[in-house]
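The values are calculated or read from the model by the stated rules, or taken from the named source; none is laboratory data. Since the structure is predicted, the reported quantities are computational estimates derived from the model, not experimental observations. So basically every Cβ, Gly included, is an ideal-geometry build from the backbone, and we count neighbours across all protein chains shown. Areas reflect the complete protein model, heavy atoms only, side chains present, ligands, DNA and RNA absent. Shrake-Rupley method; radii C 1.70, N 1.55, O 1.52, S 1.80 Å.
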Amino acid sequence: MSPTIELRPTPNPLSDAERTARMQSLGFGQTFTEHMVVIPYEEGLGWGQAVLQPYGPLSLDPATSVLHYGQAIFEGFKAYRQPDGGIKTFRAERNAERFIASAKRLAMAELPVELFMAAADALIRQDAAWVPSKAGESLYLRPFMIGTDAQLGVRPSRKYLFVLIASPSGNYFPSGVKPVTVWISEEYVRAAPGGTGAAKFAGNYAASLLAQANARAEGCDQVVWIDAVHRKYIEEMGGMNIMFAYEENGRPVVVTPELTGTLLPGVTRESLLQLAKDFGWGAEERKITVEDWDHDIRSGRMTEAFACGTAAVITPIGRVKSRHGEFAVHHGETGPVASKLRKALLDIQHGHAADPHGWMRAVV
Ligand code: COI
């Protein structure tokens, strides 16, 4: 039986006209729906009653542990309006499973997959009118969990708060799918072996911001991370996984850094590898160095590079810069491999193509 979510919706819903006004020209994560789901956890008692309530501020004691020691994890997945007016989510169970993996790494309480899914279904049904319908738009769901013990000893919190909010969203990058210029960071690392790189841990993102600012100061849009030990293997771009397209024996081969424990196991990454195989292309998870990137572009074996993630789907990389020089990728333009993968994924998500892997789940 699916867990019950107590519904306490707002007594003052927005009018259709007000909601429509707020949904004009959507960016990413700027506008929020009228509700959220909260579920408290307490050691010894387990997960308490899940409540859907009006979206609004959380009240926290100043000694709340997350504010001091940072036990905070999150997820991101999307719900898409379908051609028949229904609403489906894309692979949300994968996010629920990763949320558990992240909780384990941060010594936090584990939210059962069924409760994660029930919370998502309740919020999407309640705020169904907030799911946009234009191409490239969706309702971005943001589940997160924080340690809420109010005490200053350094130890895992004994209380947690799970919260799910939702944001009607358009393009992640204001420039849309225009290729980005990346800066290879040699000064900072995102993740080290044994660290938190494979978890969707808030601190990973906090620790990335200075490198991202550095990339900007170098005239680049995004930072590319290399591994902490050998300082040569490519890991991720900003908060996204990274992929390369090779041309071998007349067919594309998509290559992405293998999951070594320092990379986030992305749901979009996993889905694009599957789509590449569906097309009859090669799909490889292996190590790739910065030197390979430069060399394989110059030799013509590598044709494209792009980043992938839930928020931006696919973002082509047009130019690569580092302290040692720079080079263009696919003449600075979006290539056919990135375009085809992006379209195939979005077509499945928006219900314009068959869903052979059962990735979509009907909610409304
Ligand atoms: C994604 O690519 O979906 C991300 O994880 C970025 C997100 C933190 C906005």
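Just a few scattered comments:
- Residues satisfying the criterion are present in segment 90-97 (criterion: aliphatic (A, V, I, L, M), within 16 Å of the ligand (Cβ to nearest atom) and under 28 Å from THR196 (Cα atoms)).
- Once segment 112-171 is narrowed to residues that are in a strand (DSSP E or B) and among the basic types (Lys, Arg), the residue that is nearest to TRP47 (Cα to Cα) is LYS159.
- Applying a threshold of 6 Å to beta carbon distances and a minimum spacing of six or more residues, or different chains, the list of pairs starting in segment 300-325 at a residue that is more than 19 Å from PHE173 (Cα to Cα) and ending at one that is open to solvent by less than 10 Å² (accessible area, probe 1.4 Å) and within 16 Å of the ligand (Cβ to nearest atom) reads GLU304/ALA338.
- On the stretch given as segment 179-206, residues that are over 29 Å from LYS104 (Cα atoms) and loosely packed, with under 15 Cβ neighbours inside 10 Å total 2.
- The set of residues in segment 208-239 that are within 16 Å of the ligand (Cβ to nearest atom) and of a type in the set (Ser, Thr, Tyr) contains only SER208.
- Among residues of segment 240-268 being within 15 Å of the ligand (Cβ to nearest atom) and not in a strand (DSSP E or B), the one that is most open to solvent (accessible area, probe 1.4 Å) is PRO265.
- None of GLY44, GLY56, GLY85 is of a type in the set (Gly, Ala, Ser), assigned to a loop (DSSP other than H, G, I, E, B) and in contact with a strand residue (DSSP E or B) (Cβ under 8 Å, 6 or more places away or on another chain) except GLY56.
- Some residue of segment 309-325 being within 21 Å of the chain's Cα centre (by Cα) and more than 30 Å from GLN349 (Cα to Cα): no
- Complete set of residues in segment 271-291 that are part of a helix (DSSP H, G or I), surrounded by fewer than 18 Cβ atoms within 10 Å (Cβ to Cβ) and without any contact (Cβ under 8 Å) to a residue 40 or more places away in the chain: LYS277
- Positions within segment 23-37 being away from the ligand (no atom under 16 Å from the Cβ) and either surrounded by 15 or more Cβ atoms within 10 Å (Cβ to Cβ) or outside the structural domain of PHE162 (by TED's automatic domain parsing) (or both), in sequence order: MET23, THR33, GLU34, HIS35, MET36, VAL37
- Failed item in (1) surrounded by fewer than 21 Cβ atoms within 10 Å (Cβ to Cβ); (2) charged (D, E, K, R); (3) in contact (Cβ under 8 Å) with a residue 40 or more places away in the chain, with GLU110 passing the rest: (3)
- All conditions but one from (1) within 23 Å of the chain's Cα centre (by Cα); (2) surrounded by fewer than 19 Cβ atoms within 10 Å (Cβ to Cβ) apply to ILE73; the one that does not is (2).
- Segment 93-146, residues that are under 20 Å from ILE5 (Cα atoms) and polar (S, T, N, Q): ASN95, GLN126
- Residue that is within 15 Å of the ligand (Cβ to nearest atom) and modelled with pLDDT under 95, where the choices are TYR172, TYR140: TYR172
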